[in-house]
Amino acid sequence: MNKLISIFMSALIIIYIPLTINAYADEYGSNTEPVLEIVEPPIDEPDEPAQNGDFSLPDTIDESAIDVPNLYEPVTEYIPVEDIELSEFKEEMFVKDTQDLSATIIPANASEHTIHYSSSNTSVAKVSSIGKLTAVGKGSCRIYISCDNMTVYYDLKVKVKTESINVKSKYIVIKPNEQFNLEANVQPAEASQELSFKSNDDSVAVVGPDGVITAKSVGSTSVIVSNEDTTILVNIIVNEDGNGTTEQNKHDTDTSKKGYN
């Protein structure tokens, strides 16, 4: 029985295959090879827009909210420094004195306004970054002021301040035609030792550059003794007998008057 069923099924297959081939040939032609068509599955579009990671562009763009650099903005014109001026500068200072330098850039609309100060000899004077100048020791130096490519300088002289001018006598009595050597010195020794002498009345007495006083006629006058920053006054009396000259000169003490005019 099973054998008969197998024979029957084989016969059906043999009959079915030719019929199928003929039907395909009638539709596509006997010389056409079969074409396989690949159909991609449809993509399901979401019903609602994605909440996170949605990078789709909106229909319209607000251009005012976009910060776009102006590539055509003109470049600012460079204006060089032409000069540097100080409102005030003391060319002479005493040790430990200070002065504040105030520099002005010319022109005022120069591109650079950063000012630099310096000293050619810091053992004589120092200057800070803000222009505070301090006298350190006796001598001379130059103070440089720079801005941009411009540099100017000012010469400075630093002196030691005089404490006193000492003379042999502050009160002198001599006869007409007599002479008296007015010996004087300055303290401290580092201060200026260059002394000048001047008589207030040459008709009574005259004084030479070396301090020698010559009496001319009876009367009284005074001799001014000074260096660069201190002045003292010496009294001169001329009489016929010259009384008191020796004894007075022995006991007088020396004094100085600073700032005497």
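Where a number appears in this text, it was derived from the coordinates with a stated rule and is not lab data. Keep in mind that this is a model prediction, so the values were computed, not measured. Backbone-built Cβ (ideal geometry, glycine too); neighbour counts: all protein chains shown.
Summary of values
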| read-out | value |
| --- | --- |
| Cα-projected label distance for VAL212 with SER123, points at 7 Å along beta-carbon direction, nm | 4.0 |
| Separation in nanometres of the label points that stand 7 Å from Cα toward Cβ, at LYS90 and LYS175 | 5.1 |
| Which listed pairs, of LYS138/LYS175; LYS138/LYS168; LYS138/LYS216; LYS90/LYS168; LYS132/LYS198, have C-alpha distances above 32 Å, in listed order | LYS138/LYS175; LYS138/LYS216; LYS90/LYS168; LYS132/LYS198 |
| Two-decimal log10 I(q)/I(0) for the range 109-218, as the Debye equation yields it once each C-alpha is a single scatterer, q = 0.17, 0.23, 0.24 Å⁻¹ | -0.84, -1.16, -1.21 |
| Length gained when the stretch LYS168-SER220 is fully extended (0.36 nm per residue, less Cα-Cα span) | 16.9 nm |
| Sites TYR153 and THR114 - FRET efficiency at Förster radius 25 Å, r taken between beta-carbons, to 0.05 | 0.90 |
| Protection proxy ranking of 137-149, 103-115 - average other beta-carbon atoms within 10 Å, highest first | 137-149, 103-115 |
| Fully extended contour minus Cα-Cα distance, from ALA189 to ASP202, at 0.36 nm per residue | 1.6 nm |
